[in-house]
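The values are calculated or read from the model by the stated rules, or taken from the named source; none is laboratory data. From a predicted model like this one, the values you see are computed outputs, not experimental measurements. Glycine also receives a Cβ, built like all others from the backbone with ideal geometry; neighbour counts cover every protein chain displayed.
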Amino acid sequence: MNSSQDGRSPSIIIRLIGTLIGVSLLVYLLSRQGWTEIAAAIHQIPLATIVLACVLMLASRLAVSARWHALLRSSGAGISLSGATKLTFAGLFAANFLPTTIGGDVVRLAGVLRGGQARLDAAASIVVDRLIGMAGMATTAPVGLVKLAGWLLPGTVAGLWMTPSLATVAGTPGTSKAERLVESLRQVPKRIGGLLGMWIRRPGALLAAYCYTWVHMLCLFLLMWLLLRGMGEGISFWLTAGLWSLTYFITLLPLSINGLGIQELSAAFIFSQFGGVSASSSLTLGLLIRTLAMAASLPGAFFLPAILSGARSQEPGGPTDPEVE
């Protein structure tokens, strides 16, 4: 047990340091851009647009709850939609503070186990829920990748000398790190296939979950597009979707607490460089998305204490299930 905790502590320290660096850089960029410009960009947005954005953010969170419930129901878990919604919001709220990118998932798992669900099935439902969310975002990512390729390719040949590390890794035969990376990537489909195995025979649940993730995505993309339009930016809806998908995958890197700082910096860079959005509007968008997401998770503060106290009360006399990796 101690070795497992010691193995996790460096990762937690890295995320705490990454959060501090990310937030510091964000504050620096905001100060360089000018707080008055950020405030002016926010004041441009009509109040009706902000209210609609709040409603859409809440709707996207409800769709995420319904997505997970569709998977739980297919596995035989006796959890109602309202119960899954409470656990989802509690997880979203906890993710704002816990020093890990999967803190919210731990809360969801604790809540499901409290209801008597088998640990393997509960953990698998959460992992598959995340995978379906990633699959949905992957469908819109090519729109952003096209912009990224167009930005990179014109200067690729002329700028190769500026990136000798990449050329060295690619051109050095038998590079151990490169070989390990390739081998790890080859194992990913097998691991994902194993996790999806119990749902392969439940295509209806997978389809329902995928539809819910699109509801979530459309609400999220629409509110961002409306906010950008309110700030006077003429970016298209689908380009907004593609660029945010790139931001989403960057934020998945375990570099800070819940992507704090990393998400805002990524959004500011990607939307300004590839979307033609002004720097002030890009920074403002990142800040508003973070604020709206945290505000939408606030109902989880009412459910979290009961979930955690219930999980603790079960530990002393409960069975010792094997650890799920």
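Every test in (1) among the charged types (D, E, K, R); (2) at pLDDT 90 or above; (3) assigned to a helix (DSSP H, G or I) is passed by Glu233 save one, and that test is (3).
Does the stretch 258-281 contain at least one residue that is under 16 Å from Thr49 (Cα atoms) and crowded, with 23+ Cβ neighbours inside 10 Å? The answer is yes, given that some residue of the stretch 258-281 is under 16 Å from Thr49 (Cα atoms) and crowded, with 23+ Cβ neighbours inside 10 Å.
Take Ser75 and decide whether it is among the polar types (S, T, N, Q) and modelled with pLDDT of 65 or more. When the stated conditions are applied, Ser75 passes them.
Within the option set Leu222, Leu239, Leu243, being at pLDDT 95 or above, assigned to a helix (DSSP H, G or I) and either under 20 Å from Arg67 (Cβ atoms) or not aromatic (Phe, Trp, Tyr) (or both) holds for one residue only, Leu222.
Applying a threshold of 7 Å to beta carbon distances and a minimum spacing of six or more residues, or different chains, the list of pairs starting in the stretch 23-49 at a residue that is over 17 Å from Gly261 (Cα atoms) and assigned to a helix (DSSP H, G or I) and ending at one that is modelled with pLDDT of 60 or more and aliphatic (A, V, I, L, M) reads Ala41/Met231; Gln44/Met231; Thr49/Leu226; Thr49/Leu227. Residues in the stretch 61-83 include none that are under 17 Å from Met294 (Cβ atoms) and free of Cβ contacts under 8 Å to residues at least 12 places away in the same chain.
As a summary of the residue check, His216 satisfies the conditions (1) surrounded by fewer than 20 Cβ atoms within 10 Å (Cβ to Cβ); (2) modelled with pLDDT of 95 or more except for the one numbered (1).
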